[in-house]
Amino acid sequence: MITIFYSVSLAFAASLSVASVTIPSSINQGDSFTLSASISGSDVTSVSSTLDLPSGISCTPTGSQSVSLDGSGSGTVTWSCTGNVAGDYTNRITVSVSGTDSSTGGSVSDSEQTGLKVLSPASLTASSTISSTSVTAGSTVTFTVGVNNAGDLSTTYSITISCPTGTTCSPTSVASNSISGNTLENNAVTVTGGTVGSYTLTATVSGNSQTLTTSKSLTVTAALTSDDTTTTTPGGTVPGTKVTLEKGKATITIPSIAAGKSATVDITKTEDVAFRKIVISVANAVNNIQVTVTKLADKPATVAQDVTGKVYHYIQVDKNVSDTAVNQTTIRFAVAKTWLTNNSINDSTVVLNRYVAGNVNAWTELATSKIGELSGDTENIVYEAISPGLSVFAITGKTTGEVTTPSPTPTPEVTPISTPSEVAEQVKKDAWKIVIIVVVFVAVVAGAVILNKKGIIKLDRILPIKKKASWDELKRKYSRKQ
């Protein structure tokens, strides 16, 4: 019996992989962290691992480091890292491993992507807004303090309101509040105007080892609502007219105007509006009239044409009645002397212009008369203009250089009237002239007769003189007729 033995060598393919990576999901900027990778392999030698890092993260050791696999084919590689720059580095770190196939000598490798977020520290900024920079005494505005955390990390803050004497604030402080990263929180403070004057509201924000301030200015004016204005009409007054005033605006409410009558409304307390009085005349009875007078910062966007002259104020007048219902409007307005002086305006050139859309000449210069200073007001010059309706107005004036001086009218030449003595003297002179002419004429005739008689000249040849018939010629003439 013969026994034959065969020797068979079995070769298994080498394997190498990054089994897992351990890394925190996030760290704070500047903090350190450990990155470790579990490596698995079989039939592989010379195993090493490397890291591919984004800018903003640094790790040691740098370059390649060897990985030892135990009998079960497992190994671990570790790096110490630091998050230097805040940012999201998710899937931006690559762990690579490579080795040599122990059977074939070929290369085997694997890689795994990982990453984390590096969070920026909390960073607070403060800002503020105010619903209106002007408030009447007794009224309120809202002072809003904004706290923004531009960092990724949460923090806390508190607010203290510096409320000046002459105003009241509610609340005057905000207790410790927590604010998340990348969040804006607004804190509203109600401010009530008390004493007339100019004030500064200041909010101090403390937190995150920061102290921040933000301020807004506020002007408190006297109460501007008047309910005791009356509307004057011929024969009596119509009570109940109301004028509500605020900075740059006056709202007029008139209960009614009878047919053919006019309503006069005085605007005596308005702030920053040039109009002082409006007289509205109507043809037919109208009720519940509301007129709003608003000072405009500039020419309205709907008005394309520029008005002639230097503009003092643009004023828009809105009403709830049609132009056809208004016969005529008389407007009294005031212009500050300082404006006239500073702009070298000739006060006699100030006029009220009215804009009517669709007209060829959209701006119409209204008939305007200068009234002058009113009693108790030395700062303004008052004017009055007549308008056929209410719309957009512009108060303008011309500089001294723009005013043309009319050319003087030529003085007609007048013949002076003579006195009686001068007339008598002239008559004497003229009489001598006549006498001389007559004497000359008689002398000429006499000379001609003498020369004719002497036969020197023949007058009958020069002048058409008919010769007188003789007696014999007459007898012969009449005897022939018989």
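Coordinate-derived values only; no laboratory data. Here the structure is a predicted model, which means the values were calculated and not measured. All Cβ positions, even for glycine, are placed from backbone atoms using ideal geometry, and neighbour counts span all protein chains on display.
Could you work out, for the stretch 64-174, what percent of all Cα-Cα pairs fall into each 10 Å distance bin, beginning at 0 Å and stopping at the bin that holds the largest distance?
So the P(r) values, bin by bin, are 9, 23, 16, 13, 11, 10, 8, 6, 3, 0.
Residues of the stretch 102-143 with backbone nitrogen within less than 12 Å of a virtual label 7 Å along the Cα-to-Cβ line of Thr90, please, listed as ranges.
115-118
If the viscosity is 0.692 mPa s and the temperature 37 °C, what translational diffusion coefficient in µm²/s does Stokes-Einstein give for the stretch 124-221 when Rh comes from Kirkwood over Cα pairs?
For these conditions, the coefficient is 241 µm²/s.
So if R0 is 41 Å, what FRET efficiency would Asn284 and Ala304 give, r being the distance between their Cβ atoms, rounded to the nearest 0.05?
0.75
Which order do peptides 194-201, 152-159 fall in by mean Cβ count within 10 Å, highest first?
Top of the packing list down: 152-159, 194-201.
Can you work out the FRET efficiency for the pair Ser72 and Gln210, with r the C-beta to C-beta distance and R0 = 51 Å, to the nearest 0.05?
The formula returns an efficiency of 0.40 here.
Can you tell me the length gained on complete extension of the stretch Leu451 to Thr125, counting 0.36 nm per residue apart and subtracting the Cα distance?
On the way: separation 326, 0.36 × 326 = 117.36 nm, distance 13.83 nm.
The Leu451-Thr125 span can extend by a further 103.5 nm.
Ignoring solvent entirely, what values of log10 I(q)/I(0) come out of the Debye formula for the stretch 225-402 at 0.11, 0.13 Å⁻¹ when each Cα is a single scatterer?
Computed log10 I(q)/I(0) values: -0.46, -0.65.
Report the label-to-label distance for Ser217 and Thr294 in nanometres (one decimal), using points 7 Å from each Cα along the Cα→Cβ vector.
2.4
As an exercise, take the mean of 1/r over every pair of distinct alpha carbons in the stretch 15-119, invert it, and state the Kirkwood radius in angstroms.
14.1
At what distance in nm do the modelled label points of Thr400 and Val435 sit from each other, each positioned 7 Å from its Cα along Cα→Cβ?
Using points 7 Å along Cα→Cβ, the separation is 6.9 nm.
For the pair Thr60/Asn346, report the inter-label distance in nm, with labels modelled 7 Å from Cα in the Cβ direction.
It is 8.8 nm.
Once you've got the Cα coordinates, tell me which of Lys261/Lys299; Lys216/Lys242; Lys249/Lys337; Lys261/Lys295 are over 25 Å apart.
In this structure, Lys261/Lys299; Lys216/Lys242; Lys261/Lys295 lie more than 25 Å apart at Cα.
Using a Förster distance of 60 Å, how high is the FRET efficiency between Thr330 and Gln113, based on the Cβ-Cβ distance and rounded to 0.05?
After rounding, the FRET efficiency stands at 0.10.
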